[in-house]
Amino acid sequence: FSDWTLAPRIERSSGRPFRLLTRTDRTLVNSSSTARPSIVPLGTSGSYASPDAQVGLAIPPLGSVGSLGRNIYTSPSYQAVDLRLTRRVKIGEKVRLNFIADVFNLFNRVNVQKVDTAFTQSGRPISAFNARQMQFGVKILFWSSCGSRATQQVFDWVSLRRTFLRIVADRSPQ
């Protein structure tokens, strides 16, 4: 197995904070971009449940600022495992080939990229990062002598690796 290389990459992070907005100007300062809802008891008429379903959220009275804090909710965590498998093959004295297989998001986990910040949607996911992707490539390495020292010339055919074969698992919302 000395001609094989396995290279995993593991990435994990907590969710990103987000704030819920009413998107209507209730403070009378002509700005709906910072208008937060008010916290009310869960089940109050005209209210919506918070993302954690602990309290209700409603539009604040005219001329007041909502009582919900900034960035108190977080989106789901991000987890991805990528894997690269490389096989080195010796063709001659000065030429080698590397066959490369890459898999991104190996376990095909749905990683939320953005959430809806409207308080009526309570942080509903609206976009996700890519589903599992695979790519295959070939890398040619050869050596030549330049005077008294040998130099390694590497041709990494990025365009070949990206266009040779790319399999994208399309995960459509149901």
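The values are calculated or read from the model by the stated rules, or taken from the named source; none is laboratory data. Quick caveat, the model's predicted, so the values are computed rather than measured. Using ideal geometry, Cβ is built from the backbone for each residue, glycine included, and neighbour counts are taken over all protein chains shown. Calculation scope for accessible area: heavy atoms of the full protein, side chains included, ligands and nucleic acids excluded. Shrake-Rupley method; radii C 1.70, N 1.55, O 1.52, S 1.80 Å.
Things worth noting here:
- Cβ-Cβ distances below 8 Å connect the following pairs, each with a first residue in the range 1-29 that is on the phi > 0 side of the Ramachandran plot, a second residue that is not in a strand (DSSP E or B), and a separation of six or more residues or different chains: Arg23/Ser32; Arg23/Ala35; Leu28/Leu62; Leu28/Gly63.
- Put simply, of Arg96, Arg36, Arg23 the only residue that is open to solvent by less than 70 Å² (accessible area, probe 1.4 Å) and among the basic types (Lys, Arg) is Arg36.
- Applying the condition of being under 28 Å from the mean Cα position of the chain (by Cα) and not in a strand (DSSP E or B) to the range 36-53 and asking which residue is nearest to Arg70 (Cα to Cα) yields Arg36.
- Filter result (more than 30 Å from Arg87 (Cβ to Cβ), aliphatic (A, V, I, L, M) and at pLDDT 90 or above) within the range 3-40: Ile39, Val40
- The listed residue being open to solvent by 40 Å² or more (accessible area, probe 1.4 Å) and either within 30 Å of Asn130 (Cα to Cα) or more than 21 Å from the chain's Cα centre (by Cα) (or both), out of Leu68, Leu28: Leu28
- Flag for Thr86 being in contact with a strand residue (DSSP E or B) (Cβ under 6 Å, 6 or more places away or on another chain), of a type in the set (S, T, N, Q) and under 20 Å from Phe136 (Cβ atoms): yes
- Just one residue in the set Arg88, Arg96, Arg84 is outside any loop (DSSP other than H, G, I, E, B), over 19 Å from Pro8 (Cα atoms), touching a residue at least 24 places away in the same chain (Cβ under 8 Å) and not hydrophobic (A, V, I, L, M, F, W, C); that residue is Arg96.
- Restricting the range 50-64 to residues that are surrounded by 14 or more Cβ atoms within 10 Å (Cβ to Cβ) and touching a Ser or Thr at 6+ places or on another chain (Cβ under 8 Å), the residue that is nearest to Lys114 (Cα to Cα): Pro51
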